[in-house]
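Written below as structure tokens is the structure these notes are about.
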Protein chains: 4
Amino acid sequence: MNSFGRIFKVNIFGESHGESVGINIDGCPAGLPLKTEDFLEDLERRKGGMQKGTTPRKEDDLPFFKSGLFNSFTTGAPLTILFENNNTRSSDYEKLRAVPRPGHADFVASQKFAGFEDYRGGGHFSGRLTVAVVAAGVIAKKLLSTFYNHGEKESIKVVSTILEVGGEKDVEKGLQKAIEAKDSIGGIVECRVSGLPIGLGEPFFDSVESVLSHAVFAIPAVRGIEFGTGFAAAKMFGLEHNDGIEDGTGRTRTNHAGGIVGGITNGNELVFRIAIKPTSSTPKEQQTFSYASGTVEPFSVKGRHDLCIALRVPVVLEAVTAIVLTDLMMLEQKIGRKAERGG
Amino acid sequence: MNSFGRIFKVNIFGESHGESVGINIDGCPAGLPLKTEDFLEDLERRKGGMQKGTTPRKEDDLPFFKSGLFNSFTTGAPLTILFENNNTRSSDYEKLRAVPRPGHADFVASQKFAGFEDYRGGGHFSGRLTVAVVAAGVIAKKLLSTFYNHGEKESIKVVSTILEVGGEKDVEKGLQKAIEAKDSIGGIVECRVSGLPIGLGEPFFDSVESVLSHAVFAIPAVRGIEFGTGFAAAKMFGLEHNDGIEDGTGRTRTNHAGGIVGGITNGNELVFRIAIKPTSSTPKEQQTFSYASGTVEPFSVKGRHDLCIALRVPVVLEAVTAIVLTDLMMLEQKIGRKAERGG
Amino acid sequence: MNSFGRIFKVNIFGESHGESVGINIDGCPAGLPLKTEDFLEDLERRKGGMQKGTTPRKEDDLPFFKSGLFNSFTTGAPLTILFENNNTRSSDYEKLRAVPRPGHADFVASQKFAGFEDYRGGGHFSGRLTVAVVAAGVIAKKLLSTFYNHGEKESIKVVSTILEVGGEKDVEKGLQKAIEAKDSIGGIVECRVSGLPIGLGEPFFDSVESVLSHAVFAIPAVRGIEFGTGFAAAKMFGLEHNDGIEDGTGRTRTNHAGGIVGGITNGNELVFRIAIKPTSSTPKEQQTFSYASGTVEPFSVKGRHDLCIALRVPVVLEAVTAIVLTDLMMLEQKIGRKAERGG
Amino acid sequence: MNSFGRIFKVNIFGESHGESVGINIDGCPAGLPLKTEDFLEDLERRKGGMQKGTTPRKEDDLPFFKSGLFNSFTTGAPLTILFENNNTRSSDYEKLRAVPRPGHADFVASQKFAGFEDYRGGGHFSGRLTVAVVAAGVIAKKLLSTFYNHGEKESIKVVSTILEVGGEKDVEKGLQKAIEAKDSIGGIVECRVSGLPIGLGEPFFDSVESVLSHAVFAIPAVRGIEFGTGFAAAKMFGLEHNDGIEDGTGRTRTNHAGGIVGGITNGNELVFRIAIKPTSSTPKEQQTFSYASGTVEPFSVKGRHDLCIALRVPVVLEAVTAIVLTDLMMLEQKIGRKAERGG
């Protein structure tokens, strides 16, 4: 449901226009140094208002530590982080109550929760919750970088970038298309992880692809995921796709597998891509059903919205990936339950 | 790990050339009629040896019920089904021990399990385990069809088909390409589910896409998954992608969302596609590392193998999908803990 | 770890002298009416300072709803409730850092969390966390009373009482003993639940006794639990212990089983008792190891403490019991995922 | 439900008079040497027919390994062990179908599973399933003894003994009482574990007492559990009950806590006791409801039954305890995912 992970377990909560959104992490190792400043860069990357195509809504987005932190170190007890919601304009949304917005969860949420859902700004379905995911990701990245170093290798690095917007590899150009069309637009985001040990992932049902995709599809607007060569592999011959192993470390000549074989990391770079749909809240007039009239009517979105939500996804994707890998690392006993002092 | 599901919980076990493969289902409702014949059609669909491009290996593949069945009805206690392995030629594989086969789990398994893994025929990583998945799928499909019927609607139907082989929509043509090239080849498989109620799936981490993709990536050789319009959505404008809601039942004009909005089923057809890589065991000579010599050497696969493993995937994909949906239906209390008599 | 439940899932967090303690409930049905006043009675029952033998420490203990509540109804999204800690005197505890208090978790916590634990007032091990348990219990009791009513029967009622203090059934007398001895003292608390349906509990590992005892031993200071006749059953003959079934509703003549047979509720009253040890913080001088001197030294507890912690346990025991039963009821589909309107 | 454990995860299945009973272990480390002979001693201890007061029913009780074992070592893949049922007399039970036996699960099982349960010999509720528990216990004990050795200390030893039968510390005398009374009788069983490291157990809900009692109450006929001084602690003063810490290793002068403080092991001996009710199948005539007549009628048990089931419990209690501790050790990373070669 709203939790993920077997050992490094995150519980997410909150609504777009409610009191707060937040995250509770159960199983975070004791002894990790943590301060507000550690979060600022990634929180900033996630924020809108800084680049063409993202929403001008601003939140201070400062993490409040409500439990699990003592003298600026994690204690091993559950860590709870709150983000207050103080920049919300509910009135923008309340008049829309009578119309389920196309592409949004309004209709299904109302059905699933019998009309009791907090519908303001998408409520619990809002992209606002990704601020909590990013906070958990900061911690996971720190765990990945601090705790692990196998031999000569570099520590684990998780890096996500935008590959395409609206089908254009020149992202600026893709965005310009959307601005000109006065419509929202989708994109493709890639994630690469270096420094992973061999052996992460669990047969049969917890392959690396299984647990990564599970977490990745929690990010709003994701419509597809592919590992390594991905969908292109369906058109390839075996000889072409197979990655020849080069030496006893498992290094392969090519990396069509994207660093995962048999659901297990093979020590090569982990590579995957996700497809992000165009923002559902387009500036264009749409047609949708109205509860009041009982018929399909024209409808326009007001409020502040991103033209291309994909632009804000990379830091969220890094976070989700780091959370998953931290959990796998702890399960495989590559990250300890306690930080090594001075580590 | 080797279990999946929260309420309808399947545990898979076994190895390609060990005693048996099997499945244990904890949480199967009491009172479902079950007999050997119910399994034959799907087990037959999964088997090789019947069509161009699949392996001539044959197993009787008869399910043995070891627990949970009484007077041909499920009892509500754990159901255990075994498939004996009686058509194995281990010698085919044992000489290959010194060489990790490219594209296979040999190398990672050896690292992860410190050389104790059953390496014969891929052992626990073998596609052989999908026979157990198919058996669980038969039960899940029966539960979906027997227990649920919302108003006028049809019962739930899960149907999977091959869309492409080697990039060709004419599957025969794609296969012919592989046969001529004397190489293995990949494909694309689609799954469609009709008759689903609105409201399946759980925020935040158990979206329908999350749990489906989690289970789907347990199927060997899957490299990507996309829902509805999928990767194509990344190139679309918002107005184009949004599915306008037509009436109070939630029916939409188009179905780019593939039946899922906000991670929750919206009552429209569920549609997704997966990419299958070419069979790793290609007839072509490959290059790979040899433990013995310490260098890269030419290497050829012997044994019986499919040219296009995608051909055997549809029934497995249906099974996995039905398992996931049954679990979601039980969680949403749409399928009861007990069969209704006569139901 | 810090979560309990399969469907009605509570996550607890916080420390005695940290920012706050709190609870996050994932899986609470939508549509339950909830307001601050609902919590006051049970929170008051839990508080010290009102009766002989309990600590004079007072907290306002007002619940702050941080997520999951909208227009005074639960939304179906995770419910987060915080209690601020605003009446703490950390200096009382800090000087004790050098001495692990006997009977407390100080020593094991320091070992388990490598010295990073919040040691103030027991930190995450403090009885203070039971305020969050009580809050979750209020919600669970409401669910049990609102949602379920089988035929003519009354709704489910969970009632816990003190049976003994210091071996005395006259509780006042037992307390007086402690006051005279200037020492802390233990007690026995009983819990009875009426109105339960037949069939709660899951073989093999989730018997009603299994899940209840699991949750009950999370309450600090509990040293034993017994169901029905309990330890006395070990001295009985079979004919004496067996409860003869009287009619088709399963009503039994006696109730030595305490309402549970084969791990499953049988429709009779659920009855169990727990043993509470004397408060570890006794006013008496004790002997314990000092890290500083490396030897055993005399040691006296300062600060505010209960002479008999058992006095504050009943409302916590009711809470824990209600949480467990709510989860079992939801698993057995006797409580729905949504409140019935007007229900 | 029928599984237990977070990392070392056991799934139990089977019925008394069905095909088989068995256990599936997911998460057993790779590389543990295992052969049939390892199981014989404990399986023998569990069997009836060898001492006064136990049933003459005999099963060969030989474990069949169906998966997860290769060249006599565990592989890291799920281990499945079957025990065939070949010494059953179903006719003994079938005539009893019309009468729910007092003290047995017959009535509740029929209600919970809508009459579809396998009722023969108690079916899935039968004590027969403990044979599978014992098998898992053998593996857990091996893991505890092989993998862990902290410094000078001995490896972990789990030992369970009968303390009382029918209230008599002289067990023979207690049994004689039952034989003379021609009635069944209860008993008390103790378990002691030495060699445990400090720090096992997880706040808040997974205290050592929580997880042990959870598993222990899965054993049929258990009615109570107490740790250390247990129920007697409820009558004690604080000064009397507190265990003074003697040195930096955490060794205490007394052990009233039974080796657990704050829910965490403190390095001292773990001690707990359980109460076993008299065997429900007493030779005495009883009164119970008859479905056929609709009234209470006299009723006599036929078949083979133990006078004192407590006599067979020690080896099962050891098994359950070892399973729980193995899981806690793996969670705390004290037992690795792989056996050390030669270890």
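The values are calculated or read from the model by the stated rules, or taken from the named source; none is laboratory data. Keep in mind it's a predicted model, so treat the numbers as computed, not measured. Every residue, glycine as well, gets a Cβ built from its backbone with ideal geometry; the counts of neighbours run over all protein chains shown. Heavy atoms of the whole protein, side chains included, go into the accessibility calculation; ligands, DNA and RNA do not. Shrake-Rupley method; radii C 1.70, N 1.55, O 1.52, S 1.80 Å.
Kindly check whether there is at least one residue in region A:33-40 that is within 7 Å of chain C (Cβ to nearest Cβ), outside any helix (DSSP H, G or I), touching a Lys or Arg at 6+ places or on another chain (Cβ under 9 Å) and not aromatic (Phe, Trp, Tyr).
no
When A:GLN51 is evaluated against the numbered criteria (1) within 12 Å of chain B (Cβ to nearest Cβ); (2) modelled with pLDDT under 95, which criterion, by number, is the only one it fails?
A:GLN51 satisfies every listed condition except (1).
Do we have any residue at all in region B:253-271 that's open to solvent by 40 Å² or more (accessible area, probe 1.4 Å), without any contact (Cβ under 8 Å) to a residue 24 or more places away in the chain and among the polar types (S, T, N, Q)?
yes
Does C:GLY195 fit the bill of being open to solvent by 10 Å² or more (accessible area, probe 1.4 Å), more than 30 Å from D:VAL324 (Cβ to Cβ) and of a type outside the set (A, V, I, L, M, F, W, C)?
Taking the combined requirement at face value, the residue satisfies it.
With the requirement that a residue be in a helix (DSSP H, G or I) and among the acidic types (Asp, Glu), what does region A:312-332 give you?
Keep residues of region A:312-332 that are in a helix (DSSP H, G or I), which gives A:312-331.
Passing the criteria: A:GLU318, A:ASP327.
Among the residues of region B:168-178, are any in contact with a strand residue (DSSP E or B) (Cβ under 9 Å, 6 or more places away or on another chain), modelled with pLDDT of 95 or more, under 15 Å from B:GLU318 (Cβ atoms) and surrounded by 19 or more Cβ atoms within 10 Å (Cβ to Cβ)?
no
Of everything in region D:262-277, what is within 18 Å of D:GLU226 (Cα to Cα) and assigned to a loop (DSSP other than H, G, I, E, B)? Give them in sequence order. Full working, then the answer.
Taking region D:262-277 and keeping what is within 18 Å of D:GLU226 (Cα to Cα), we get D:262-266, D:268-277.
Across region D:262-277, the qualifying residues are D:GLY262, D:GLY263, D:ASN266, D:ASN268, D:GLU269, D:LYS277.
Just the residues that are in contact (Cβ under 8 Å) with a residue 40 or more places away in the chain and within 17 Å of the chain's Cα centre (by Cα), please, taken from region C:29-46. Spell out the reasoning first.
Taking region C:29-46 first, the residues in contact (Cβ under 8 Å) with a residue 40 or more places away in the chain are C:29-34, C:38-39, C:42-43, C:45-46.
Correct list: C:PHE39, C:ASP42, C:LEU43, C:ARG45, C:ARG46.
State which residue pairs qualify: first residue touching a residue at least 12 places away in the same chain (Cβ under 8 Å) and within 19 Å of C:PRO33 (Cβ to Cβ) and inside region A:106-119, second residue surrounded by fewer than 24 Cβ atoms within 10 Å (Cβ to Cβ) and among the basic types (Lys, Arg) in any location, beta carbons under 9 Å apart, and separation of 6 or more residues or different chains.
Pairs that qualify, where the first residue is touching a residue at least 12 places away in the same chain (Cβ under 8 Å) and within 19 Å of C:PRO33 (Cβ to Cβ) and the partner is surrounded by fewer than 24 Cβ atoms within 10 Å (Cβ to Cβ) and among the basic types (Lys, Arg), are A:TYR119/A:ARG97.
Sort out which residues of region D:288-306 are in contact with a Lys or Arg (Cβ under 8 Å, 6 or more places away or on another chain) and either aliphatic (A, V, I, L, M) or within 7 Å of chain C (Cβ to nearest Cβ) (or both), and write them in order of number.
D:THR288, D:VAL301
Here's a check for you: in region D:79-114, which residue that is at pLDDT below 80 and part of a loop (DSSP other than H, G, I, E, B) is least open to solvent (accessible area, probe 1.4 Å)?
Among residues in region D:79-114 that are at pLDDT below 80 and part of a loop (DSSP other than H, G, I, E, B), the one least open to solvent (accessible area, probe 1.4 Å) is D:SER90.
Residues of region C:207-220 being under 18 Å from C:ILE12 (Cα atoms) and touching a residue at least 12 places away in the same chain (Cβ under 8 Å), which ones?
First, pick out the residues of region C:207-220 that are under 18 Å from C:ILE12 (Cα atoms): C:211-220.
Answer for region C:207-220, where residues must be under 18 Å from C:ILE12 (Cα atoms) and touching a residue at least 12 places away in the same chain (Cβ under 8 Å): C:VAL211, C:LEU212, C:SER213, C:HIS214, C:ALA215, C:VAL216, C:ALA218, C:ILE219, C:PRO220.
How about region D:164-261: which helices (runs of 4 or more DSSP H) wholly inside it have at least 2 residues that are more than 7 Å from chain C (Cβ to nearest Cβ), under 16 Å from the mean Cα position of the chain (by Cα) and within 25 Å of D:ALA132 (Cα to Cα)?
D:208-216
What is the residue count in region D:208-218 for residues that are open to solvent by 10 Å² or more (accessible area, probe 1.4 Å) and either closer than 16 Å to D:MET329 by Cβ or β-branched (Val, Ile, Thr) (or both)?
Number satisfying all stated conditions: 1.
Under 9 Å by Cβ, and 6 or more places apart or on different chains, what pairs join a residue from region D:320-331 that is within 15 Å of D:ILE264 (Cβ to Cβ) with one that is of a type in the set (Asp, Glu)?
D:LEU328/D:GLU202; D:LEU328/D:ASP206; D:LEU331/D:GLU202; D:LEU331/D:ASP206
Within region C:278-300, is even one residue out of contact with any Leu (no Cβ under 7 Å at 6 or more places or on another chain), surrounded by fewer than 24 Cβ atoms within 10 Å (Cβ to Cβ), aliphatic (A, V, I, L, M) and in a loop (DSSP other than H, G, I, E, B)?
yes
Just a yes or no: is a residue in region B:240-252 closer than 21 Å to B:VAL313 by Cβ and either buried (at least 24 other Cβ atoms within 10 Å of the Cβ) or free of Cβ contacts under 8 Å to residues at least 60 places away in the same chain (or both)?
Within region B:240-252 (the criterion being closer than 21 Å to B:VAL313 by Cβ and either buried (at least 24 other Cβ atoms within 10 Å of the Cβ) or free of Cβ contacts under 8 Å to residues at least 60 places away in the same chain (or both)), the answer is no, since none of the residues qualifies.
How many residues does region B:1-28 hold that are free of Cβ contacts under 8 Å to residues at least 24 places away in the same chain and either more than 9 Å from chain D (Cβ to nearest Cβ) or open to solvent by 10 Å² or more (accessible area, probe 1.4 Å) (or both)?
Total satisfying the criteria: 1.
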